[in-house]
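*Asks:* A single structure is presented below for examination.
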Amino acid sequence: MEIILAILIGVAVALQGPFNGLWAKNIGLAQTILINAIIVLAGAILFLLISHGSFRFSEVKNIDLSIAAGGICGLFIITAGAYVFPRQGASTTLCLLLLGQFLAATIMDHFGLIGLPRQPINFQRIIALILLGVSACLFKIK
């Protein structure tokens with residue numbers, strides 16, 4: 001199940017950027033971000049209701065502010081994607097996006113950051129990163 005979900009995440013990322021880029025061209029980047037935020041908020045509220053969860057504002061004061069990092073990253077992904085996809089195309093953007101993800105993931109794994117288990121960088125991972133970099137260059141060549 002997790003493998004299928006991971007593949008679907010990739011499909012969603014591939015679709016999200018071009019759709020947001022199209023909307024940003026038509027209604028503006030700020031408006032596109034706002035519409036995305038409203039959709040995500042509505043989805044989060046629906047998920048909370050369906051899952052029978054509860055939300056108490058009094059609990060928010062006990063949450064570490066680092067939890068906001070996920071939201072900040074999401075805002076950056078939506079904003080940058082809406083800007084870059086229409087200018088670079090889906091293939092080039094996604095290849096560069098994957099390179100950035102794998103670079104960050106390799107560093108996080110190596111040092112065991114953000115609660116992840118340590119997985120030291122090895123020769124195989126370095127070769128994989130080099131191949132991703134070469135792939136990004138090949139997608140960029142016209």
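The values are calculated or read from the model by the stated rules, or taken from the named source; none is laboratory data. Note that this is a predicted model, so its numbers are computed, not measured. Here Cβ is always computed from backbone atoms with ideal geometry, including for glycine, and neighbour counts include all displayed protein chains.
*Asks:* Are there any pairs, at least 6 apart or on different chains, whose C-beta atoms fall under 9 Å, with the first in the stretch 113-142 and outside any helix (DSSP H, G or I) and the second hydroxyl-bearing (Ser, Thr, Tyr), and if so, which?
*Replies:* Here the result reads Gln119/Thr106; Ile121/Thr106, each pair linking the stretch 113-142 to a residue that is hydroxyl-bearing (Ser, Thr, Tyr).
Yes/no per residue for (1) outside any helix (DSSP H, G or I); (2) surrounded by 10 or more Cβ atoms within 10 Å (Cβ to Cβ); (3) touching a Phe, Trp or Tyr at 6+ places or on another chain (Cβ under 7 Å):
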| site | (1), (2), (3) |
| --- | --- |
| Leu15 | no, yes, no |
| Lys25 | no, yes, no |
| Gln31 | no, yes, no |
| Leu34 | no, yes, no |
| Ile45 | no, yes, no |
| Ile63 | yes, no, no |
| Ser66 | no, no, no |
| Thr79 | no, yes, no |
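*Asks:* Now for a different question. Which pairs do you get when a residue that is among the small types (Gly, Ala, Ser), found in the stretch 91-108, comes within reach of a residue that is surrounded by 14 or more Cβ atoms within 10 Å (Cβ to Cβ) and part of a helix (DSSP H, G or I), reach meaning Cβ atoms under 9 angstrom, with the pair 6+ apart or on two chains?
*Replies:* If the second residue must be surrounded by 14 or more Cβ atoms within 10 Å (Cβ to Cβ) and part of a helix (DSSP H, G or I), the pairs left are Ser91/Phe139.
*Asks:* Going residue by residue through the stretch 48-55, is there one that turns out to be under 21 Å from the mean Cα position of the chain (by Cα) and either assigned to a helix (DSSP H, G or I) or more than 21 Å from Gly10 (Cβ to Cβ) (or both)? Outline the logic, then answer.
*Replies:* Of all residues in the stretch 48-55, those under 21 Å from the mean Cα position of the chain (by Cα) come to none.
Scanning the stretch 48-55 turns up no residue that is under 21 Å from the mean Cα position of the chain (by Cα) and either assigned to a helix (DSSP H, G or I) or more than 21 Å from Gly10 (Cβ to Cβ) (or both).
*Asks:* Out of Ile127, Ile121, Ile141, report the one residue that is more than 21 Å from the chain's Cα centre (by Cα), outside the structural domain of Ile7 (by TED's automatic domain parsing) and closer than 27 Å to Phe19 by Cβ. Show your work before the answer.
*Replies:* Values: Ile127 fails: closer than 27 Å to Phe19 by Cβ; Ile121 fails: closer than 27 Å to Phe19 by Cβ.
Checking each option against the conditions leaves just Ile141.
*Asks:* Also, quick follow-up: Return the pair list, or none, for Cβ contacts closer than 7 Å from residues in the stretch 58-70 that are free of Cβ contacts under 8 Å to residues at least 40 places away in the same chain and of a type in the set (A, V, I, L, M, F, W, C) to residues that are surrounded by 10 or more Cβ atoms within 10 Å (Cβ to Cβ) and part of a helix (DSSP H, G or I), at least 6 apart or on different chains.
*Replies:* Going by the 7 Å Cβ cut-off, there are no qualifying pairs.
*Asks:* Within the stretch 65-85, does at least one residue satisfy the condition of being outside the structural domain of Phe139 (by TED's automatic domain parsing), over 14 Å from the mean Cα position of the chain (by Cα) and closer than 27 Å to Ala136 by Cα?
*Replies:* yes
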